[in-house]
Amino acid sequence: MLYFAYGSNMDPRQIRERCPTSRFISTAILKDHRLAFTLHSKRRRCGVANVLPAAGHEVHGILYRINRRRDWETLDAAEGFTPGRRRNNRYRRERLRIYKPDYPRRVMSWIYLGIVESSPPPPSAAYLGQMLAGAEHWGLPQTYHKYIAGML
């Protein structure tokens with residue numbers, strides 16, 4: 001199953017710890033959405049990434065293949081998502097159309113969509129640094145690096 005990561009899971013070290021069997025497929029783009037920091041992570045003590053619908057905007061990220069059930073369970077737990085639970089999830093997991101560069105068709109991929117809290121804190125330098133580490137490692141566009149760095 002495909003998974004589109006746009007936050008700290010772009011970091012190859014973190015995704016490998018959470019999902020040891022994950023495999024990089026390609027960089028990818030979620031169209032008509034924008035990156036936002038709408039959740040407060042108590043563990044990280046800062047705001048964490050989410051995507052929100054926004055016509056004409058794009059969110060760059062990483063497309064991974066994750067086939068092992070245990071990896072999905074670990075990822076769900078890390079994202080605060082319990083399948084089948086209707087309330088108290090921090091994210092929900094849905095399938096959306098994702099675009100791969102130089103590939104004419106969209107692919108369907110799982111993505112975590114977060115709740116929107118009323119006044120979350122901003123992301124920390126460490127959290128944004130982890131996102132940047134992933135963006136640099138996988139070769140996301142420099143304009144996107146600057147966009148992330150500009151949130152400091």
- Count of the stretch 127-138 residues which are open to solvent by 50 Å² or more (accessible area, probe 1.4 Å) and in contact (Cβ under 8 Å) with a residue 12 or more places away in the chain: 2
- Query: Could we say that Cys46 is in contact (Cβ under 8 Å) with a residue 24 or more places away in the chain, farther than 21 Å from Gly150 by Cβ and buried (at least 18 other Cβ atoms within 10 Å of the Cβ) here?
  - Reply: no
- Filter the stretch 61-80 for residues that are open to solvent by 30 Å² or more (accessible area, probe 1.4 Å) and in contact (Cβ under 8 Å) with a residue 24 or more places away in the chain; which is nearest to the chain's Cα centre (by Cα)? Ala78
- Kindly indicate the residue of the stretch 16-34 that is touching a Leu at 6+ places or on another chain (Cβ under 8 Å) and closer than 21 Å to Gly150 by Cβ and also surrounded by the fewest Cβ atoms within 10 Å (Cβ to Cβ) among those meeting that condition. Arg34
- Note on the structure: In the stretch 50-60, residues that are of a type in the set (A, V, I, L, M, F, W, C), within 14 Å of the chain's Cα centre (by Cα) and open to solvent by 20 Å² or more (accessible area, probe 1.4 Å) total 1
- Query: Is it the case that the stretch 2-15 has a residue that's of a type in the set (D, E, K, R), open to solvent by 20 Å² or more (accessible area, probe 1.4 Å) and part of a helix (DSSP H, G or I)?
  - Reply: yes
- Query: Can Leu113 be described as crowded, with 16+ Cβ neighbours inside 10 Å, farther than 19 Å from Phe24 by Cβ and among the aliphatic types (A, V, I, L, M)?
  - Reply: yes
- Note on the structure: Of the conditions (1) part of a loop (DSSP other than H, G, I, E, B); (2) touching a Leu at 6+ places or on another chain (Cβ under 8 Å), the single one that Arg86 does not satisfy is (2)
- Task: Identify all residues within the stretch 85-114 that are in contact (Cβ under 8 Å) with a residue 24 or more places away in the chain and under 12 Å from the mean Cα position of the chain (by Cα); write none if there are none.
- Result: Tyr91, Ser109, Trp110, Ile111, Tyr112, Leu113, Gly114
- Query: Does Leu39 meet the test of being modelled with pLDDT under 95, touching a Lys or Arg at 6+ places or on another chain (Cβ under 9 Å), in a strand (DSSP E or B) and at negative phi?
  - Reply: yes
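The values are calculated or read from the model by the stated rules, or taken from the named source; none is laboratory data. This structure is a prediction, so every number in the text was calculated from the model and none was measured. Neighbour counts are summed over all protein chains in view; Cβ atoms, including those assigned to glycine, are modelled from backbone coordinates with ideal geometry. Only protein heavy atoms, including side chains, enter the accessible area calculation; ligands, DNA and RNA are left aside. Shrake-Rupley method; radii C 1.70, N 1.55, O 1.52, S 1.80 Å.
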